[in-house]
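Asks: What follows is a single structure, and I will ask about it in a moment.
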Amino acid sequence: MSIYLSRQLLLCIFLFSSTLFSVSHGRFTPNFQVRAVNLGGWLVTEKWIKPSLFDRIPNKDFLDGTGLQFKSVTIGKYLCAELGGGTIIVANRTSASGWETFKVWRINATTFQFRVSNNQFVGLDAAGNGIDVVAVSKAPGSETFQIVRKSDDSSLVRIKAPNGYFLQAKSEVLVTADSKGDGAWGEDDPSVFNLTFSGGLHGEFQVTNGYGPEMAPQIMKEHWSTYIVEEDFKFISSNGLNAVRIPVGWWIASDPTPPKPYVGGSLQTLDNAFLWAQKYNIKVIIDLHAAAGSQNGLEHSSSRDGSQEWGQTDENIQETVAVIDFLTARYAKSPSLYAVELLNEPWSPGATLESVIKYYRDGYNAVRKHSSTAYVVMSNRLGPMDPKELFPLASGLQGTVIDVHYYNLFWPAKFDGMNVQQNIDFINYDRSAELNLITTANGPLILVGEWVVEWEVKNATKEDYQRFAEAQLKVWERATFGWAYWTLKN
């Protein structure tokens, strides 16, 4: 869908929605329902929202989390972390999938580390002859690699090891770092590999680490100051919306000197958003979209390589609570602060119910330490879960909201092949039933915190999109806290 069409549809949504809700407002038994738009892609990067943000990254084929597969031109098989990691690297696989994929950790534009399926890092066998290639260390060390591409065929590469020599596949079970790499790139050279790519991430970590410490501050500050501006808040306010949901990352609490590769400046940008919100009578939902360790392994949680490591230790949970404490303390006195969302889309089963409940309870207390009136939003987990699993916790706490996200996307078996009317019927029946299930008289408030006017339908007309929007609004109006469209711009 074009940016122009997206903005026209958004305007249609604003105008349509203005007839659905009253504007009276009480704090903990509200009839003020949120009609919000997300400011996605602003303070937490997602490439699909603004692809041009990545355009100037040097050597941008090799960003953090990119999956690389190396097929030996002499043996005709792929390099593989034997058993997924913990032992030697071999060259004995006829097809490429998990064990044959090496995830990039980018050190700079030309130097990398490689992480294998079981999360060990590739290196040389220091306990042996120093040239056997292994994947045994769970922690990244000092051993780095370089990828040298053939000048007239970038799919052919050599891999330079930390000892200064190149990897070569001598046999299916013997991969060593002892080639001078001075051959003619022929099919008889065991140091030559055919490179293919598998997946990859394009989030905040990739953009800041991709540009590096010299370029990233300039690039990001330019983005923050131009992507969402005061005029956008004026547009939002004048077209019937009353709130914005602003995704932020955990590193904002360390501004102006966040841990590398993140750069300072996002906190001042959020300060500006609160000033604009107050000027145009817009409420703000602060949404912790990216937690340290990544709560779902996706690019919008700023995962480095797709690993999901949030919530595995109490230290990590308390680190995340500290971010909520910081943000609430900073904005508690602002008349625009309406809600704090503790965490966006934790993924089940990696984020366990036990860890999520512990965090939500502690996060709630952190908000209440500074504000008795801000709503506390708890996102349902994605993946396998009971849609009411947070009710025992949330129902016992005042001013809580459960956030659910509904997309007719990301589920090919369900939505691919559906036509316009089938998508609309799914909203009217299936989504309506899902919302009814969690909308209970004595339960927590419900926010449809993300939804879109997008689908897998091909060649849909503008009128089809408008019908799809109207069908959703008629259902989402029953959400007792309100809804937030994803997203203002793309």
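Asks: How about region 119-194: which strands (runs of 3 or more DSSP E) wholly inside it have at least 2 residues that are open to solvent by less than 20 Å² (accessible area, probe 1.4 Å) and of a type outside the set (A, V, I, L, M)?
Replies: 121-124, 174-179
Asks: Which numbered condition trips up Gly65, out of (1) in contact with a strand residue (DSSP E or B) (Cβ under 8 Å, 6 or more places away or on another chain); (2) open to solvent by 30 Å² or more (accessible area, probe 1.4 Å); (3) modelled with pLDDT of 95 or more?
Replies: (2)
Asks: For region 325-364, how many residues meet the condition of being within 14 Å of Trp250 (Cα to Cα) and open to solvent by less than 50 Å² (accessible area, probe 1.4 Å)?
Replies: 9
Asks: Could I ask something else about it? Is it true that Ala413 is over 19 Å from Asn38 (Cβ atoms) and at pLDDT below 95?
Replies: It is true that Ala413 is over 19 Å from Asn38 (Cβ atoms) and at pLDDT below 95.
Asks: Quick test of your reading of the structure: Thr208 fulfils all but one of (1) part of a strand (DSSP E or B); (2) open to solvent by less than 60 Å² (accessible area, probe 1.4 Å); (3) closer than 18 Å to Arg106 by Cβ. Name the failing condition by number.
Replies: Thr208 satisfies every listed condition except (1).
Asks: Out of the residues in region 365-387 that are open to solvent by 70 Å² or more (accessible area, probe 1.4 Å) and among the charged types (D, E, K, R), which is nearest to the chain's Cα centre (by Cα)?
Replies: Checking each candidate, the answer is Asp386.
Asks: If you go through region 159-176, how many residues are under 36 Å from the mean Cα position of the chain (by Cα) and hydrophobic (A, V, I, L, M, F, W, C)?
Replies: 5
Asks: Criterion first (open to solvent by 50 Å² or more (accessible area, probe 1.4 Å), in contact with a helix residue (DSSP H, G or I) (Cβ under 6 Å, 6 or more places away or on another chain) and free of Cβ contacts under 8 Å to residues at least 60 places away in the same chain) does Glu463 satisfy it?
Replies: Here the answer is no, as Glu463 does not meet what is asked.
Asks: Within region 137-157, is there a residue that is farther than 24 Å from Gly199 by Cβ and β-branched (Val, Ile, Thr)?
Replies: No, because not a single residue in region 137-157 is farther than 24 Å from Gly199 by Cβ and β-branched (Val, Ile, Thr).
Asks: Checking the conditions here, which among Ser254, Ser307 is without any contact (Cβ under 8 Å) to a residue 12 or more places away in the chain, open to solvent by 10 Å² or more (accessible area, probe 1.4 Å) and small (Gly, Ala, Ser)?
Replies: Unique residue meeting the criteria: Ser254.
Asks: Something else about it: Kindly indicate the residue of region 433-477 that is assigned to a loop (DSSP other than H, G, I, E, B) and under 19 Å from Ala339 (Cβ atoms) and also modelled with the lowest pLDDT among those meeting that condition.
Replies: Ranking the qualifying residues of region 433-477, first place goes to Gly443.
Asks: Consider Val73 carefully, then state whether it is over 19 Å from the mean Cα position of the chain (by Cα), among the β-branched types (Val, Ile, Thr), open to solvent by less than 20 Å² (accessible area, probe 1.4 Å) and modelled with pLDDT of 95 or more.
Replies: The answer is no for Val73.
Asks: May I pose another question? Please indicate, with yes or no, whether at least one residue in region 279-289 is closer than 23 Å to Pro51 by Cβ and either in a helix (DSSP H, G or I) or open to solvent by 10 Å² or more (accessible area, probe 1.4 Å) (or both).
Replies: no
Asks: So, Arg361, is that one under 22 Å from Asn38 (Cα atoms) and basic (Lys, Arg) or not?
Replies: no
The values are calculated or read from the model by the stated rules, or taken from the named source; none is laboratory data. Note that this is a predicted model, so its numbers are computed, not measured. Every residue, glycine as well, gets a Cβ built from its backbone with ideal geometry; the counts of neighbours run over all protein chains shown. Side chains included, ligands, DNA and RNA excluded: accessible areas come from the protein's heavy atoms. Shrake-Rupley method; radii C 1.70, N 1.55, O 1.52, S 1.80 Å.
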